[in-house]
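Student: Right, I'll just put the structure down here and ask away after.
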Amino acid sequence: MAPVDWEDAWKKRVTPWDEGQSPPALQRLLAEGRVPSGRIFVPGCGAGYDLATLADSDREVIGLDVSSEARATFAESYKDLPGRVTYEVGDFFEYHPTHPFDFVWDYTFFCALDPGEREVWARIMSRLVKPNGLLATLLFPYVDPIPADASGPPWPVNTDLVRGLIADGFELLEVTEAEQTHPGREGKERLALWRRKGRD
Ligand SMILES: C[S@@+](CC[C@H](N)C(=O)[O-])C[C@H]1O[C@@H](n2cnc3c(N)ncnc32)[C@H](O)[C@@H]1O
């Protein structure tokens, strides 16, 4: 299967994943006070709804997307967000921030990657999240078991798949089915919270 040309998809506005707002599961995590302050990272942030949702005076929020068109969409929508919010254009697989993060939010990024890229995704996540920091994966589309002939993107995902990739570096804290989702994603989202092993 040919790799996705993300910039082209954004230019042509062929963005079927884009729901126009953050998922309810992120809103809920915030309302429950479970997103830490400090440095926050959102890979594959698209139009940047989650950057705006996470923006707060005690957070530095950094989004990354390979598409400059996606960043332009973000810039048109959000002019004045609280705290420090930066949208960087670049490739996750080449990303080397100055410091690791307290909280990383992955929604519809992992499932967009070619399966052959997942092990590298896992290695990079171990580098990006601080010891004791949190990796939150809102797993969509959640399928268990994953059929042998699965196709994507979005590639079907589940907890065991991610656990198998990151178990060395992360402890699974909990997995919950999202009570509320974007329309059409009901029953297909699980929020898995992982704590980075090791000492600060
Ligand atoms: C399925 S979209 C999800 C966007 C956003 N998370 C959302 O839920 O609306 C995947 C996003 O990842 C970006 N992307 C794909 N591969 C990337 C890479 N290697 N590095 C950074 N961004 C990437 C794409 O441009 C796209 O915006």
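Student: For Thr181, which sequence-distant residues (separation of 5 or more, or a different chain) have an amide H within less than 5 Å of its own amide H, given hydrogens modelled in the peptide plane?
Tutor: none
Student: Put one equal scatterer on each alpha carbon of region 20-196, apply the Debye formula with no solvent term, and list log10 I(q)/I(0) at q = 0.12 1/Å to two decimals.
Tutor: Summing over Cα pairs of region 20-196 leads to -0.51.
Student: Report the relative contact order of the chain, percent, no decimals, based on alpha-carbon pairs under 8 angstrom and at least 6 residues apart.
Tutor: Over the chain, the number comes to 19 percent.
Student: Per-residue HN-Hα couplings for region 115-127, Karplus 6.51 cos²θ - 1.76 cosθ + 1.60 at θ = phi - 60°, whole Hz, x for Gly and Pro?
Tutor: x, x, 9, 5, 5, 5, 3, 5, 4, 5, 4, 5, 7
Student: Can you give the extra length, in nm with one decimal, that the chain gains between Asp168 and Arg13 once fully stretched, where that is 0.36 nm per residue apart less the Cα-Cα distance?
Tutor: Value of the extension gain: 51.9 nm.
Student: For region 20-196, with the dipole built from +1 on Lys and Arg beta-carbon atoms and -1 on Asp and Glu ones, taken about the Cα centre, which of Ile62, Thr181, Ser151 lies farthest toward the positive end?
Tutor: Of Ile62, Thr181, Ser151, it is Ile62.
Student: Then there is this: If you count, for each residue, the other Cβ atoms within 10 Å and average over each peptide, how do 56-62, 73-79 line up from highest to lowest?
Tutor: Per-residue mean Cβ counts within 10 Å order the peptides as 56-62, 73-79.
Student: Can you list the aspartates and glutamates whose alpha carbon is less than 19 Å from that of Lys79, not counting same-chain residues fewer than 8 positions off?
Tutor: Qualifying aspartates and glutamates at Cα under 19 Å: Asp50, Asp56, Asp58, Glu60, Asp65, Glu69, Glu88.
Student: Could you give the dipole magnitude of the chain about its Cα centre, charging the beta-carbon of Lys and Arg +1 and that of Asp and Glu -1, in debye to the nearest 20?
Tutor: Here the chain has a charge dipole of around 460 debye.
Student: Further question: Can you spot the lysines whose alpha carbon is less than 27 Å from Lys130's alpha carbon? Ignore those fewer than 8 places along the same chain.
Tutor: Candidates past the 8-residue exclusion: Lys197.
All of the numbers you see were taken from the coordinates with simple rules; none came from a lab. Only a predicted model underlies this, so the values are computations on that prediction, with no experimental measurement involved. Ideal geometry is used to build each Cβ from the backbone, glycine not excepted, and the neighbour counts take in all protein chains shown.
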